[in-house]
1. Sort 374, 191 by Cβ crowding within 10 Å, fewest neighbours at the top.
2. What distance in nm lies between label points placed 7 Å from Cα along the C-beta direction at residue 231 and residue 7?
3. Can you give me the C-alpha center-to-center distance between the range 215-261 and the range 29-92, rounded to a whole angstrom?
4. May I ask you to list the residues of the range 338-368 whose amide nitrogen lies under 17 Å from a point 7 Å from Cα along the Cα→beta-carbon direction of residue 98?
5. Extending each Cα 7 Å along its Cβ direction at residue 106 and residue 288, get the distance between those two points in nm, one decimal.
6. Would the range 331-387 count as rounded, prolate or oblate if I go by the C-alpha gyration tensor, calling it rounded below 1.5 in a/c and otherwise prolate when a/b exceeds b/c, oblate otherwise?
7. Could you tell me what a quarter of the Cα convex hull surface of the range 7-232 works out to, in nm² with one decimal place?
8. What FRET efficiency comes out for residue 31 versus residue 365 if R0 is 22 angstrom and r is the Cβ-Cβ distance? Round to the nearest 0.05.
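What follows draws every value from the coordinates through simple rules; no lab data is involved. This is a predicted model, so every value here is computed, not measured. Don't worry about glycine lacking a Cβ; one is built from the backbone with ideal geometry, like all the others, and counts go over all protein chains shown.
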């Protein structure tokens, strides 16, 4: 479904321009957008940010993590790890479940140390992790829980929307996401103390802020677009989800394309459709399958990220290049003195196995007609491989 930007958004933008105040103001367009978004996902509070990346970084800023401490992250998407680096904390990457591609709670438990301060859980490609169990683990160990919900408008775990289990949830409004404002993001929370603390960091009248972070606020014009889009986004999600189901049906019964498991407690929202290549177990060639897809016009993506490997293979983590000398955070002397943790091959064997096997198709802005066409081409590719 094509995004709609029309008189609704223009009306809100005109309100902002007429007011003469383009920057945040108490009770202005940002405040209205925050209220509408909080109602949509079912959180008590929402705080508009200029991007999801800065929202994640600010979540780490209030988590208690910092120099010499660890933040548990998943190894597929590296943004949680980057957020930890912002405040010189060490990302501790833990493995995922093979069938859902999401954090394995038992792997989280096994990696908690006296240095662990927070957990960043990525709700990946429209599917929530086991958020109630992860919340329970965090409560048992006094960990701050952050949800990365950049892909997760409309997705739920046990009937509760993504972003409402953690101490903070971070959503993205970048142009390729469900709710587009060009760039932008939102923090959600049910904790009034966090809401007040984060607002107090930048909505102050001259006094020094109370903790170390940066000014990540959203402007009024961006919020005006967001206020219009928040009224449309669930319509987008419904269409993307229909196409997700079409693609899942297209590979039904194909033993060598592994369909992603959706637990009964989850409601998946269409964002990116993904499966895993299992053809090598049946004597089939992935390169040949990609060639067949290309021949029939199906532009399917394989693997994930530039290295086709978990985040701890990236130089910024493995080489500790984020800060240069003295090689922080992983080789930081304040950390080395307390831990011998190092990134190494085999650290997350499930992630290392499945990342090169991913086959992906985007769903954002894909019409029903195009979704049906892609599903038919996927079926045709399967038939040609099996001839």
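1. Numbers: 374 23, 191 15.
Listed from fewest to most nearby Cβ atoms, that is 191, 374.
2. With each label placed 7 Å out from Cα toward Cβ, I get 1.1 nm.
3. 21 Å
4. The answer is 346-359.
5. Here the answer is 3.6 nm between the modelled labels.
6. oblate
7. Numbers: hull surface 48.2 nm².
Directional mean of the projected Cα hull area for the range 7-232 stands at 12.1 nm².
8. Calculated value: 0.15.
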